[in-house]
Amino acid sequence: MLLETLKRDSIHENGEPVRGLRSIDTHEAATIVWIFERYADGLSPVKIADELNARGVPGPRGRPWQGTAIRGHRYRGSGILNNQAYIGRIVFNRLAYRKKSRHRTPGFS
């Protein structure tokens with residue numbers, strides 16, 4: 001990943017684990033910048049994915065690139081173009097998954 005956690009076992013001098021350490025993979029960062037530049041030039045996410053595949057750039061999880069990996073979902077903040085981390089914002093708890101109950105409790109919605 002572009003922003004990968006460093007030294008997950010790092011310990012602060014007070015004994016607490018150090019969280020949030022990040023580093024930038026320069027090779028992957030160049031790909032992200034390229035994607036944003038092509039999108040700014042007017043290419044669609046599908047065309048960008050096709051070009052990445054033609055260039056042999058490995059996609060997410062080692063699979064071929066798809067337009068959805070680039071476009072994502074605006075409200076969920078998924079995909080490269082919608083991911084806040086790629087513009088320097090780290091957002092915690094951006095998604096919440098709630099289990100639907102089969103039984104309704106009287107007095108509760």
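Observations on the model:
- Single residue of segment 32-63 satisfying the filter (hydrophobic (A, V, I, L, M, F, W, C) and touching a Gly at 6+ places or on another chain (Cβ under 6 Å)) that is surrounded by the fewest Cβ atoms within 10 Å (Cβ to Cβ): Val46
- Any hit, segment 10-31, residues being of a type outside the set (A, V, I, L, M), modelled with pLDDT of 90 or more and within 28 Å of Asn93 (Cα to Cα): yes
- Flag for Tyr86 being modelled with pLDDT of 75 or more and either assigned to a helix (DSSP H, G or I) or not small (Gly, Ala, Ser) (or both): yes
- Contact map, segment 81-92: residues that are under 25 Å from Ser44 (Cβ atoms) paired with residues that are in a helix (DSSP H, G or I) and charged (D, E, K, R), Cβ distance under 7 Å, separation 6+ or inter-chain. Pairs shown: Leu81/Arg71.
The values are calculated or read from the model by the stated rules, or taken from the named source; none is laboratory data. Because the structure is predicted, anything quoted here is derived from the model rather than measured. Reconstructed Cβ throughout: ideal geometry from the backbone, glycine too, with neighbour counts over all protein chains shown.
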